[in-house]
1. Just read off the accessible area of HIS113 with the full protein assembly in place, 1.4 Å probe, to the nearest 10 Å².
2. Mean 1/r over all different Cα pairs, inverted: what Kirkwood radius does the range 125-257 give, in Å?
3. Send over a whole-number figure in Å² for the accessible area per residue of the range 125-257, probe 1.4 Å.
4. Using a 1.4 Å probe on the protein chains only, how many percent of the accessible area of the range 125-257 belongs to carbon and sulfur?
5. List the trypsin sites (Lys or Arg not before Pro) within the range 101-179 that fall in a DSSP loop (any state other than H, G, I, E or B) and whose Cβ has at most 13 other Cβ atoms within 10 Å.
Amino acid sequence: MAGFDNFNTDFYQSSYSVDDQNQGGYGYSNADDPYSKPYGQYDYSQPMGYSAPPGMMQPQQPYSGQIFQPTPAFTPASTQSMYSSSFEDEPPLLEELGINFDHIWQKTLTVLHPLKAADGSIMNETDLAGPMVFCLAFGATLLLTGKIQFGYVYGISAIGCLGMYCLLNLMSMTGVSFGCVASVLGYCLLPMIILSSFGVLFSLQGMLGIILTAAIIGWCSFSASKIFISALAMDGQQLLVAYPCALLYGVFALISVF
(Lines give C-alpha, C1' and ligand atoms only; values in the text may rest on other atoms or scores of the structure.)
Protein backbone atom coordinates (compact mmCIF):
# COMPACT_ATOMS: atom_id res chain seq x y z
CA MET A 1 0.00 0.00 0.00
CA ALA A 2 2.87 2.35 0.71
CA GLY A 3 4.21 1.78 -2.76
CA PHE A 4 0.80 2.49 -4.28
CA ASP A 5 0.49 5.82 -2.38
CA ASN A 6 3.87 6.89 -3.62
CA PHE A 7 2.87 6.00 -7.17
CA ASN A 8 -0.33 7.99 -6.87
CA THR A 9 1.36 11.15 -5.61
CA ASP A 10 4.21 10.91 -8.05
CA PHE A 11 1.94 10.24 -11.06
CA TYR A 12 1.30 13.88 -12.02
CA GLN A 13 2.30 17.10 -10.30
CA SER A 14 0.45 20.33 -11.24
CA SER A 15 0.17 23.80 -9.80
CA TYR A 16 -3.49 24.10 -10.88
CA SER A 17 -5.89 25.16 -8.14
CA VAL A 18 -9.60 25.76 -7.92
CA ASP A 19 -9.09 29.50 -7.67
CA ASP A 20 -7.79 29.55 -11.24
CA GLN A 21 -11.31 28.81 -12.60
CA ASN A 22 -12.25 32.49 -12.38
CA GLN A 23 -9.44 33.32 -14.79
CA GLY A 24 -9.56 32.72 -18.55
CA GLY A 25 -8.65 29.22 -19.54
CA TYR A 26 -5.84 28.39 -21.92
CA GLY A 27 -4.36 31.88 -21.73
CA TYR A 28 -7.44 33.64 -23.16
CA SER A 29 -8.94 36.50 -21.13
CA ASN A 30 -11.28 39.19 -22.32
CA ALA A 31 -12.49 41.70 -19.76
CA ASP A 32 -15.11 43.09 -22.11
CA ASP A 33 -16.67 39.73 -22.72
CA PRO A 34 -19.97 39.68 -20.77
CA TYR A 35 -19.99 35.89 -20.77
CA SER A 36 -16.75 35.82 -18.74
CA LYS A 37 -18.42 37.28 -15.67
CA PRO A 38 -19.27 34.97 -12.83
CA TYR A 39 -22.82 33.81 -12.27
CA GLY A 40 -25.03 36.53 -10.76
CA GLN A 41 -22.94 39.48 -12.04
CA TYR A 42 -24.28 39.58 -15.59
CA ASP A 43 -26.37 42.66 -16.49
CA TYR A 44 -29.56 41.30 -18.06
CA SER A 45 -30.92 44.82 -18.77
CA GLN A 46 -28.63 45.19 -21.77
CA PRO A 47 -30.03 43.99 -25.08
CA MET A 48 -28.70 40.71 -26.28
CA GLY A 49 -27.15 40.66 -29.71
CA TYR A 50 -24.58 38.87 -31.73
CA SER A 51 -21.35 40.71 -32.39
CA ALA A 52 -18.75 38.87 -34.37
CA PRO A 53 -15.10 39.26 -33.47
CA PRO A 54 -13.08 41.68 -35.60
CA GLY A 55 -11.27 38.87 -37.34
CA MET A 56 -14.41 37.07 -38.52
CA MET A 57 -16.20 37.83 -41.84
CA GLN A 58 -19.32 39.89 -41.52
CA PRO A 59 -22.52 38.21 -42.81
CA GLN A 60 -23.78 39.38 -46.20
CA GLN A 61 -26.79 41.62 -46.38
CA PRO A 62 -29.91 39.92 -47.87
CA TYR A 63 -30.85 40.80 -51.46
CA SER A 64 -33.65 43.36 -51.38
CA GLY A 65 -34.26 43.62 -55.13
CA GLN A 66 -37.05 41.97 -57.18
CA ILE A 67 -36.61 38.75 -59.11
CA PHE A 68 -37.34 39.15 -62.83
CA GLN A 69 -40.61 37.53 -63.76
CA PRO A 70 -41.30 37.30 -67.53
CA THR A 71 -44.72 38.36 -68.73
CA PRO A 72 -46.54 35.48 -70.47
CA ALA A 73 -47.11 36.21 -74.15
CA PHE A 74 -50.25 34.03 -74.33
CA THR A 75 -53.01 34.19 -71.78
CA PRO A 76 -55.07 30.98 -71.99
CA ALA A 77 -58.79 31.43 -72.03
CA SER A 78 -61.00 29.87 -69.47
CA THR A 79 -62.06 26.26 -69.91
CA GLN A 80 -65.72 27.10 -70.14
CA SER A 81 -65.28 29.67 -72.92
CA MET A 82 -62.96 27.35 -74.84
CA TYR A 83 -65.41 24.46 -74.81
CA SER A 84 -68.37 26.68 -75.59
CA SER A 85 -66.64 28.16 -78.64
CA SER A 86 -65.58 24.71 -79.88
CA PHE A 87 -69.14 23.37 -79.54
CA GLU A 88 -70.54 26.33 -81.43
CA ASP A 89 -68.09 25.86 -84.31
CA GLU A 90 -68.80 22.15 -84.72
CA PRO A 91 -71.12 21.17 -87.60
CA PRO A 92 -74.34 19.29 -86.84
CA LEU A 93 -74.12 15.55 -86.32
CA LEU A 94 -76.26 14.71 -89.38
CA GLU A 95 -73.99 16.85 -91.56
CA GLU A 96 -70.91 15.01 -90.28
CA LEU A 97 -72.59 11.69 -91.13
CA GLY A 98 -73.45 12.95 -94.61
CA ILE A 99 -77.23 12.88 -94.06
CA ASN A 100 -79.11 15.83 -95.56
CA PHE A 101 -82.88 15.45 -95.35
CA ASP A 102 -83.46 18.28 -97.82
CA HIS A 103 -81.40 16.54 -100.51
CA ILE A 104 -83.01 13.19 -99.70
CA TRP A 105 -86.44 14.72 -100.19
CA GLN A 106 -85.43 16.37 -103.48
CA LYS A 107 -84.00 13.10 -104.83
CA THR A 108 -87.14 11.25 -103.79
CA LEU A 109 -89.34 13.78 -105.60
CA THR A 110 -87.12 13.49 -108.69
CA VAL A 111 -87.71 9.74 -108.75
CA LEU A 112 -91.46 10.06 -108.12
CA HIS A 113 -91.77 12.61 -110.97
CA PRO A 114 -90.09 11.05 -113.99
CA LEU A 115 -90.70 14.10 -116.14
CA LYS A 116 -89.15 16.51 -113.64
CA ALA A 117 -85.68 17.80 -114.49
CA ALA A 118 -82.97 16.43 -112.23
CA ASP A 119 -80.45 18.65 -110.45
CA GLY A 120 -77.03 17.30 -111.41
CA SER A 121 -75.22 18.93 -108.46
CA ILE A 122 -77.46 17.16 -105.95
CA MET A 123 -77.59 13.85 -107.79
CA ASN A 124 -73.79 13.69 -108.03
CA GLU A 125 -73.51 13.41 -104.23
CA THR A 126 -72.67 10.15 -102.49
CA ASP A 127 -75.74 9.70 -100.31
CA LEU A 128 -76.40 6.15 -99.10
CA ALA A 129 -78.88 6.91 -96.32
CA GLY A 130 -81.92 6.94 -98.60
CA PRO A 131 -80.92 3.83 -100.61
CA MET A 132 -80.38 1.83 -97.42
CA VAL A 133 -83.85 2.79 -96.19
CA PHE A 134 -85.46 1.88 -99.53
CA CYS A 135 -83.68 -1.49 -99.63
CA LEU A 136 -84.91 -2.28 -96.13
CA ALA A 137 -88.43 -1.18 -97.07
CA PHE A 138 -88.36 -3.37 -100.20
CA GLY A 139 -87.24 -6.38 -98.16
CA ALA A 140 -89.90 -5.64 -95.52
CA THR A 141 -92.72 -5.60 -98.10
CA LEU A 142 -91.45 -8.88 -99.51
CA LEU A 143 -91.44 -10.26 -95.98
CA LEU A 144 -95.13 -9.40 -95.66
CA THR A 145 -95.85 -11.72 -98.60
CA GLY A 146 -93.89 -14.53 -96.96
CA LYS A 147 -90.64 -14.04 -98.93
CA ILE A 148 -87.45 -13.67 -96.94
CA GLN A 149 -85.25 -12.21 -99.66
CA PHE A 150 -82.98 -9.73 -97.87
CA GLY A 151 -79.85 -11.53 -99.01
CA TYR A 152 -80.98 -11.51 -102.66
CA VAL A 153 -81.88 -7.83 -102.47
CA TYR A 154 -78.48 -6.75 -101.18
CA GLY A 155 -76.57 -9.23 -103.36
CA ILE A 156 -78.29 -8.19 -106.61
CA SER A 157 -77.92 -4.55 -105.64
CA ALA A 158 -74.16 -4.90 -105.15
CA ILE A 159 -73.65 -6.77 -108.45
CA GLY A 160 -75.87 -4.32 -110.34
CA CYS A 161 -74.06 -1.29 -108.91
CA LEU A 162 -70.70 -2.77 -109.86
CA GLY A 163 -71.84 -3.48 -113.43
CA MET A 164 -73.33 0.01 -113.88
CA TYR A 165 -70.21 1.59 -112.42
CA CYS A 166 -68.01 -0.09 -115.04
CA LEU A 167 -70.44 0.70 -117.86
CA LEU A 168 -70.86 4.38 -117.01
CA ASN A 169 -67.12 4.92 -116.67
CA LEU A 170 -66.70 3.52 -120.18
CA MET A 171 -69.50 5.63 -121.64
CA SER A 172 -68.92 9.00 -119.91
CA MET A 173 -66.01 11.39 -120.36
CA THR A 174 -65.93 12.67 -116.77
CA GLY A 175 -66.30 9.36 -114.95
CA VAL A 176 -68.39 8.57 -111.90
CA SER A 177 -67.77 7.21 -108.42
CA PHE A 178 -69.14 3.92 -107.13
CA GLY A 179 -70.98 5.69 -104.32
CA CYS A 180 -72.82 7.94 -106.75
CA VAL A 181 -73.95 4.93 -108.85
CA ALA A 182 -75.17 3.11 -105.72
CA SER A 183 -76.99 6.20 -104.53
CA VAL A 184 -78.88 6.76 -107.79
CA LEU A 185 -79.82 3.11 -108.25
CA GLY A 186 -80.96 2.91 -104.63
CA TYR A 187 -83.22 5.95 -104.87
CA CYS A 188 -84.75 4.66 -108.10
CA LEU A 189 -85.74 1.47 -106.25
CA LEU A 190 -88.64 3.40 -104.71
CA PRO A 191 -91.25 2.44 -107.42
CA MET A 192 -90.32 -1.21 -106.88
CA ILE A 193 -91.47 -0.83 -103.26
CA ILE A 194 -94.86 0.23 -104.61
CA LEU A 195 -94.97 -2.92 -106.73
CA SER A 196 -94.13 -5.19 -103.80
CA SER A 197 -96.75 -3.39 -101.72
CA PHE A 198 -99.38 -4.23 -104.32
CA GLY A 199 -98.20 -7.83 -104.11
CA VAL A 200 -99.28 -7.88 -100.47
CA LEU A 201 -102.89 -7.02 -101.47
CA PHE A 202 -103.35 -9.17 -104.60
CA SER A 203 -101.43 -11.54 -106.84
CA LEU A 204 -99.11 -10.09 -109.47
CA GLN A 205 -99.09 -13.20 -111.67
CA GLY A 206 -102.21 -12.21 -113.65
CA MET A 207 -102.52 -9.89 -116.62
CA LEU A 208 -102.97 -6.87 -114.40
CA GLY A 209 -99.87 -7.79 -112.46
CA ILE A 210 -97.81 -8.17 -115.65
CA ILE A 211 -98.87 -4.75 -116.91
CA LEU A 212 -98.15 -3.15 -113.55
CA THR A 213 -94.76 -4.85 -113.35
CA ALA A 214 -93.76 -3.64 -116.83
CA ALA A 215 -94.82 -0.10 -115.95
CA ILE A 216 -92.80 -0.14 -112.71
CA ILE A 217 -89.70 -1.43 -114.50
CA GLY A 218 -89.99 1.34 -117.09
CA TRP A 219 -90.50 3.91 -114.32
CA CYS A 220 -87.39 2.84 -112.40
CA SER A 221 -85.15 2.60 -115.47
CA PHE A 222 -86.34 5.93 -116.91
CA SER A 223 -85.74 7.77 -113.62
CA ALA A 224 -82.28 6.25 -113.16
CA SER A 225 -81.19 7.01 -116.75
CA LYS A 226 -82.49 10.58 -116.46
CA ILE A 227 -80.43 11.19 -113.30
CA PHE A 228 -77.29 9.62 -114.82
CA ILE A 229 -77.61 11.70 -117.97
CA SER A 230 -78.05 14.90 -115.94
CA ALA A 231 -75.21 14.22 -113.52
CA LEU A 232 -72.66 13.00 -116.12
CA ALA A 233 -73.64 15.34 -118.99
CA MET A 234 -74.32 12.41 -121.34
CA ASP A 235 -76.71 14.10 -123.78
CA GLY A 236 -78.44 11.81 -126.29
CA GLN A 237 -77.48 8.58 -124.49
CA GLN A 238 -80.45 8.08 -122.21
CA LEU A 239 -81.75 4.99 -124.01
CA LEU A 240 -78.31 3.36 -123.85
CA VAL A 241 -78.23 3.93 -120.09
CA ALA A 242 -81.88 2.97 -119.55
CA TYR A 243 -81.47 -0.52 -121.07
CA PRO A 244 -79.01 -1.95 -118.45
CA CYS A 245 -81.01 -0.23 -115.72
CA ALA A 246 -84.16 -2.02 -116.97
CA LEU A 247 -82.34 -5.35 -116.81
CA LEU A 248 -81.35 -4.69 -113.18
CA TYR A 249 -84.79 -3.61 -112.04
CA GLY A 250 -86.33 -6.54 -113.99
CA VAL A 251 -84.57 -8.91 -111.61
CA PHE A 252 -86.11 -7.11 -108.60
CA ALA A 253 -89.50 -7.34 -110.31
CA LEU A 254 -89.11 -11.09 -110.75
CA ILE A 255 -88.44 -11.39 -107.01
CA SER A 256 -91.61 -9.42 -106.29
CA VAL A 257 -93.86 -11.36 -108.69
CA PHE A 258 -92.63 -14.90 -108.08
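1. 100
2. 14.9
3. Per residue, the range 125-257 has an accessible area of 46 Å².
4. 76
5. Listed in order of number, the matching sites are LYS116.
The values are calculated or read from the model by the stated rules, or taken from the named source; none is laboratory data. Everything numeric here is computed off the predicted structure, so don't read it as measured data. In this analysis, Cβ positions are derived from the backbone assuming ideal geometry, glycine residues included, and neighbour counts consider all displayed protein chains. What goes into the accessible areas is simple: the full protein's heavy atoms, side chains included, and nothing from ligands, DNA or RNA. Shrake-Rupley method; radii C 1.70, N 1.55, O 1.52, S 1.80 Å.
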